[in-house]
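To start, the structure itself, in structure tokens.
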Amino acid sequence: MNQNTRGHDKVRRSYFEVPIMVENKWAKVPSIDADVFMLDMEDSTPPNLKTEARGRIVELIRDPGYLGGREFMVRPNNLDTEWGRADLEAAAKAKAPLVIYPKVRSVDEIREVRRILDDHGSAPEIILIVETPQAVLQLEAIASCPGVTGLLFGPGDLSMETGISLFNGPTEFSEGFLYARSKTLLVCRAYGLQPIDAVFTADLKDLDGMRRAMEGSRRMGFTGLMSFYPPPVPLINEVMSPSADEIQWSQRLVETYRKGRDQGLAAISLDGKWVTVHQYATAQETLRRAELIAGRTA
Amino acid sequence: MNQNTRGHDKVRRSYFEVPIMVENKWAKVPSIDADVFMLDMEDSTPPNLKTEARGRIVELIRDPGYLGGREFMVRPNNLDTEWGRADLEAAAKAKAPLVIYPKVRSVDEIREVRRILDDHGSAPEIILIVETPQAVLQLEAIASCPGVTGLLFGPGDLSMETGISLFNGPTEFSEGFLYARSKTLLVCRAYGLQPIDAVFTADLKDLDGMRRAMEGSRRMGFTGLMSFYPPPVPLINEVMSPSADEIQWSQRLVETYRKGRDQGLAAISLDGKWVTVHQYATAQETLRRAELIAGRTA
Amino acid sequence: MNQNTRGHDKVRRSYFEVPIMVENKWAKVPSIDADVFMLDMEDSTPPNLKTEARGRIVELIRDPGYLGGREFMVRPNNLDTEWGRADLEAAAKAKAPLVIYPKVRSVDEIREVRRILDDHGSAPEIILIVETPQAVLQLEAIASCPGVTGLLFGPGDLSMETGISLFNGPTEFSEGFLYARSKTLLVCRAYGLQPIDAVFTADLKDLDGMRRAMEGSRRMGFTGLMSFYPPPVPLINEVMSPSADEIQWSQRLVETYRKGRDQGLAAISLDGKWVTVHQYATAQETLRRAELIAGRTA
């Protein structure tokens, strides 16, 4: 079985970064409609609270009731930091179902992550954050490591490491990121991984601008978006769901194709154009996703 | 001899996809002024007509008079389909001069294509369609296989396989394709292959928009364009030919350079700037292409 | 010691290409405020003057007083030309501190460059010009050769070699270069090399347009710019220096971080946000550069 298809049966449009040690933000979590929560030991947790945060996250992995049945993933610190190994061991012992690993630079590093997880009998899905120039350049090798099921494009750290400006105007990523984002998307598609982009706009209050940025992410092929701020979450869910038009078109295509096949037609057409097997597969996938989403919100 | 320079002595600006089993479209072929016709066994031929199409294409390879002396290439189905091997064997036996192979994903696949061709004593030029994420990522290795003489960028299937939207407004490719298109162009230039783009605009009736899209392809370095619709063909021929200004400038440069060289000048200048050997070579290439085109239309 | 950090203690914003055999241009050199002068044996020197230019450059390496203490680098011709080997040997013998090597296509070529330098006991910094499609495709391997400390993106020759148009409107590079430029930047950042872009605009008199182009280079992450025309040089120095705002922000961040650390705080915040070690490092780097620049202009 190809491990990297794990998670394909889940609705994963919106990812939300939870600053677990900030009480007033943590209190809002049950009211946030994200598909996946990121329990963070890394950048949103200050050094003096790392140990306490790790403890709280281990408790949550064991008893995730507070998250209302939504999926969650655990972000340890990178193995080069003083906290990384203990973070990962704690997640492994508690059997975190999903680990998101930051600042990866090499294949060896992923092998070490896997070794630590294996040593504790843990085999979570691994999502990698693409946020170093080394990761972008070697992304094929890094992303094809066993266990990896998704890539999150991380422009914040990548900007600091490379000097590429984050923004070009209020709602657009700087064009300097286009190569790295495009390669992230293509590598995901080549290896069957989920491509996740980050919601990043200069003005966090400009929801129209954010929607345009999200539509841009979707147009680039991404199917999930990470936010560290609650207001965009419902927008993400909307933008990353198949639209009513897409669902209707997919239904017509699937029905036409099946009817033709049942009638023994070898060639099937819709609105005057041949329908290919690939289009049929794509339409089925759209309907599968729409059903998963309907099931989740019902 | 480097095989990949085969075809450099041909005028190959416009490529036209012929739906060989659609009689009213096929009837128009003699009136379409394309440089190269693509006889298609793949996406424009429905499954129930694959065998019949293959037979008609084999006849055409043997007696291509209907195409009025224009070049043609044969597109088999991919080897992973039930038709691919028989398509390729038929093209090989009939000694198709040019094969365009779709949906390639690996070097091994190209080796298998070559083996099948070799087994029938056939050594056609091979043009590959870049339309899978795997092909984009491994393009250097795939494109440098012996026999390959061109790459066609294929946004239609690449869009379906990756989720990248085809369009960003009415006449522009989505920026999500820029990396894949740029890499296709650079790989062609590194290995001496012909770079071919596809005419793709949202509105097939908007010839002004199409012209802008074609000029964009040329500005990106492509020298040929594929169309599956007849009206753009004369536009392609115009946009992909050297302009009168380019020809005039190239003539002046070549004359100046040769005169200087004959006079024993080691340094030659034109309009106050040194002329480099590279500029001389580029100007010669422009004139060579202009002469080929003049010869073709005479 | 990692050789590729050599040069990090130097102010290298503006690079100026000197046409050493054009007397009226050479006379202006002392009045041009470039950080680094490129003494050119290659494209700006016509074939009949190659030997004389080489001799003058060797003299300058030995007695660079005319350059007023500014850094300089020597550009030999490529090893494939009739002059390349003699150029490089002359630079090696004279112990040129910095060599900029043009039109590289392979790792083997860089090894040969190093062999020639080694044979004369010379170990200069090597900056490579990225101006062939082969170099772009194999840039990781080429750029990680020992001795390489910087990459200059060279759109002029890359345009001639690939057919990518230089411009898209008056001040913007054609989008066809974005992949090659982005990869150049990321490879520099992955290996610790200096990323240098070229000032290229259609209208050399349009300083506003040039400033926008330079700001675009900086936004893409480049820290140096090459010009072959004197007027842009002061603009380059301005655009590639940290701004007053950046310096002030970096000072506040560094002070806050150090104060917190001295007080034994494990978590340090500024304007309500946690300060990361990475941000501290970036701010220190900004201040280090600002001090170097202040020292140079004092």
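The values are calculated or read from the model by the stated rules, or taken from the named source; none is laboratory data. Since we're looking at a predicted model, the values are computed, not measured. So basically every Cβ, Gly included, is an ideal-geometry build from the backbone, and we count neighbours across all protein chains shown. For the accessible areas, the whole protein counts, side chains as well, though only heavy atoms, and no ligand, DNA or RNA atoms are used. Shrake-Rupley method; radii C 1.70, N 1.55, O 1.52, S 1.80 Å.
Restricting the range C:145-171 to residues that are facing another protein chain (nearest Cβ under 10 Å) and outside any helix (DSSP H, G or I) leaves a set whose member that is surrounded by the most Cβ atoms within 10 Å (Cβ to Cβ) is C:I164.
Residues in the range C:3-19 that are of a type in the set (A, V, I, L, M) and touching a strand residue (DSSP E or B) at 6+ places or on another chain (Cβ under 6 Å): C:V18 only. When A:V11 is tested against (1) assigned to a loop (DSSP other than H, G, I, E, B); (2) out of contact with any helix residue (DSSP H, G or I) (no Cβ under 8 Å at 6 or more places or on another chain), only condition (2) is not met. Of the residues making up the range A:250-264, those that are part of a helix (DSSP H, G or I) and either modelled with pLDDT under 85 or among the acidic types (D, E) (or both) are A:E255, A:R261, A:D262. Counting only residues that are in a helix (DSSP H, G or I), out of contact with any Asp or Glu (no Cβ under 8 Å at 6 or more places or on another chain) and either open to solvent by 90 Å² or more (accessible area, probe 1.4 Å) or not hydrophobic (A, V, I, L, M, F, W, C) (or both), the range A:265-298 holds 11 of them. Of all residues in the range B:212-221, those being open to solvent by less than 60 Å² (accessible area, probe 1.4 Å) and facing chain C (nearest Cβ under 8 Å) number 2. Would you confirm whether any residue within the range A:159-177 is within 30 Å of C:G224 (Cβ to Cβ), of a type in the set (D, E) and touching a residue at least 24 places away in the same chain (Cβ under 8 Å)? Yes, because at least one residue in the range A:159-177 is within 30 Å of C:G224 (Cβ to Cβ), of a type in the set (D, E) and touching a residue at least 24 places away in the same chain (Cβ under 8 Å). Of the residues screened, B:D208 is not one that is out of contact with any Cys (no Cβ under 9 Å at 6 or more places or on another chain) and under 21 Å from B:L139 (Cβ atoms). For the range C:222-249, filtered to residues that are touching a strand residue (DSSP E or B) at 6+ places or on another chain (Cβ under 6 Å) and part of a helix (DSSP H, G or I), the residue that is surrounded by the most Cβ atoms within 10 Å (Cβ to Cβ) is C:I236.
Of all the residues in the range B:172-186, those that are of a type in the set (A, V, I, L, M) and either closer than 21 Å to B:R289 by Cβ or not in a helix (DSSP H, G or I) (or both) number 2. Please specify each residue of the range A:172-211 satisfying the condition of being within 14 Å of chain C (Cβ to nearest Cβ), under 18 Å from A:E131 (Cα atoms), in contact with a strand residue (DSSP E or B) (Cβ under 8 Å, 6 or more places away or on another chain) and at pLDDT below 95. Listed by number, the residues that qualify are A:F173, A:S174. Number of residues in the range A:172-184 that are touching a Phe, Trp or Tyr at 6+ places or on another chain (Cβ under 9 Å) and either among the hydroxyl-bearing types (S, T, Y) or open to solvent by 30 Å² or more (accessible area, probe 1.4 Å) (or both): the value is 5. Consider the range B:251-264 and keep the residues that are surrounded by 15 or more Cβ atoms within 10 Å (Cβ to Cβ) and within 13 Å of chain C (Cβ to nearest Cβ). The one that is nearest to B:S227 (Cα to Cα) is B:L253.
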